[in-house]
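Got a structure for you, written out below as structure tokens; questions coming shortly.
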Amino acid sequence: MRADDLGGLLMVAERLRPEDIAATPDVIALERLAKEPGGDDLLATLRAYCATDSVRKAATLVYRHHSTVAYRLEHAETTMGFAFGTAQGRFRLRLALVLRALGSTPWQAS
């Protein structure tokens, strides 16, 4: 990740330690999903959904049928413990994805 891509989250990224991120319940839930068979594909689906706010558009991005994407989102919602269909739910999911990326990938200050 690049610092320029983080915007206001740069302040958060500069203050969080990897162990703080790893202990976050939503990040822990994402890690559980990532370890399932097809976990990388599921995480790509979650990222696509956050980017588009649409099951059909996310399906297009990940080259899957929209019903497959809908099923995967339902499964992820159950594992994560919250719904993604609201603005708050999508923000929480997106934040969890960003935190996971920050905890596992070095980012560069610009």
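Buried (at least 16 other Cβ atoms within 10 Å of the Cβ) and of a type in the set (Asp, Glu), is that true of Asp20? Break it down into steps so the answer makes sense when it comes.
Working: buried (at least 16 other Cβ atoms within 10 Å of the Cβ): no; of a type in the set (Asp, Glu): yes.
Judged against the criteria, Asp20 is not a match.
I need the full set of residues from the stretch 48-61 which are surrounded by fewer than 18 Cβ atoms within 10 Å (Cβ to Cβ) and either touching a residue at least 40 places away in the same chain (Cβ under 8 Å) or part of a helix (DSSP H, G or I) (or both), in order please.
The answer is Ala51, Thr52, Arg56, Lys57, Thr60, Leu61.
Pull out all pairs, ordered by first then second residue, where Cβ-Cβ is under 6 Å, the residues are six or more apart or on different chains, the first lies in the stretch 2-24 and is under 13 Å from Ser104 (Cβ atoms) and in contact (Cβ under 8 Å) with a residue 12 or more places away in the chain, and the second is assigned to a helix (DSSP H, G or I) and small (Gly, Ala, Ser).
Final answer for the pair search is Pro18/Gly103; Ile21/Gly103; Ala22/Gly103.
Give me a count of the residues in the stretch 1-21 that are assigned to a helix (DSSP H, G or I) and farther than 29 Å from Arg64 by Cβ.
Result for the stretch 1-21: 11.
Return yes or no: is Arg64 at pLDDT 90 or above, farther than 18 Å from Arg92 by Cα and part of a loop (DSSP other than H, G, I, E, B)?
So Arg64 fits the description; yes.
May I pose another question? Taking Phe84, is it among the aromatic types (Phe, Trp, Tyr) and free of Cβ contacts under 8 Å to residues at least 12 places away in the same chain?
no
Turning to a different aspect of this structure: Is it the case that Thr45 is surrounded by fewer than 18 Cβ atoms within 10 Å (Cβ to Cβ), hydroxyl-bearing (Ser, Thr, Tyr) and assigned to a helix (DSSP H, G or I)?
No.
Separate question: Restricting attention to the stretch 69-96, which residues are hydrophobic (A, V, I, L, M, F, W, C), buried (at least 19 other Cβ atoms within 10 Å of the Cβ) and part of a helix (DSSP H, G or I)?
Hits for the stretch 69-96 are Val69, Leu73, Ala76, Met80, Leu93, Ala96.
Filter the stretch 97-110 for residues that are touching a Lys or Arg at 6+ places or on another chain (Cβ under 7 Å) and assigned to a loop (DSSP other than H, G, I, E, B); which is modelled with the lowest pLDDT?
Among those that are touching a Lys or Arg at 6+ places or on another chain (Cβ under 7 Å) and assigned to a loop (DSSP other than H, G, I, E, B), it is Ser110.
Let me ask something else about it. Kindly check whether there is at least one residue in the stretch 30-44 that is within 19 Å of Leu95 (Cβ to Cβ), touching a Gly at 6+ places or on another chain (Cβ under 8 Å) and either in contact (Cβ under 8 Å) with a residue 24 or more places away in the chain or hydroxyl-bearing (Ser, Thr, Tyr) (or both).
Yes; the residues of the stretch 30-44 include at least one that is within 19 Å of Leu95 (Cβ to Cβ), touching a Gly at 6+ places or on another chain (Cβ under 8 Å) and either in contact (Cβ under 8 Å) with a residue 24 or more places away in the chain or hydroxyl-bearing (Ser, Thr, Tyr) (or both).
The values are calculated or read from the model by the stated rules, or taken from the named source; none is laboratory data. Values in this document were obtained by computation on a predicted structure and should not be read as measured data. All Cβ positions, glycine included, derive from the backbone under ideal geometry; neighbour counts span all protein chains shown.
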